[in-house]
1. Name the residue that is surrounded by the most Cβ atoms within 10 Å (Cβ to Cβ), counting only residues in the stretch 73-105 that are modelled with pLDDT under 85 and assigned to a strand (DSSP E or B).
2. For the stretch 69-86, indicate whether the set of residues that are among the hydrophobic types (A, V, I, L, M, F, W, C), farther than 21 Å from LEU27 by Cβ and in contact with a Lys or Arg (Cβ under 6 Å, 6 or more places away or on another chain) is non-empty.
3. Within the stretch 26-40, does at least one residue satisfy the condition of being assigned to a helix (DSSP H, G or I), at pLDDT 85 or above and of a type in the set (Asp, Glu)?
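The values are calculated or read from the model by the stated rules, or taken from the named source; none is laboratory data. In this text the structure is predicted, and so the values were computed from the model without any measurement. Here Cβ is always computed from backbone atoms with ideal geometry, including for glycine, and neighbour counts include all displayed protein chains.
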Amino acid sequence: MDEGSEKKGKKCGAEVARILKIPYRTLMRWSEEGLIQVDGGGYRGKGTLWTDKNIREASVIYALRTARLSLQKVKDITNYLISLGENPMSSGEFLVIKNIDGEPREIIKIVTTGEAVSLLKENRGQLILPLWKPDENER
């Protein structure tokens with residue numbers, strides 16, 4: 001495979017930072033700390049290649065950070081979801097419930113099975129609500 005075909009459909013770190021309006025250094029830190037597994041690499045993120053999946057992961061991490069979640073909590077949630085066999089940031093949806101001060105009180109992820117799972121340590125793993133989806137035959 002030549003270098004051109006390997007890069008096809010992927011974006012460099014600087015382009016991803018511009019697209020997501022995230023500081024480049026923040027994006028590279030997430031990659032360096034293993035929150036996002038990107039191709040390539042090198043000194044300070046030079047030569048990283050970002051797929052659409054990586055970009056979605058960065059977007060979700062950014063949304064959780066802007067919801068006032070610490071980077072350590074994002075890492076904890078990521079590790080917990082991996083332990084459940086879930087793709088932590090690139091699939092499913094997140095719901096952040098904040099208290100009156102704007103701090104996250106609860107984080108819920110709708111996992112690939114359609115269930116909603118609590119992610120903060122106090123309630124971690126509790127099934128919040130199994131979501132009902134009609135079967136194709138019931139429609």
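1. PRO104
2. Scanning the stretch 69-86, I find no residue that is among the hydrophobic types (A, V, I, L, M, F, W, C), farther than 21 Å from LEU27 by Cβ and in contact with a Lys or Arg (Cβ under 6 Å, 6 or more places away or on another chain), so the answer is no.
3. Scanning the stretch 26-40, I find at least one residue that is assigned to a helix (DSSP H, G or I), at pLDDT 85 or above and of a type in the set (Asp, Glu), so the answer is yes.
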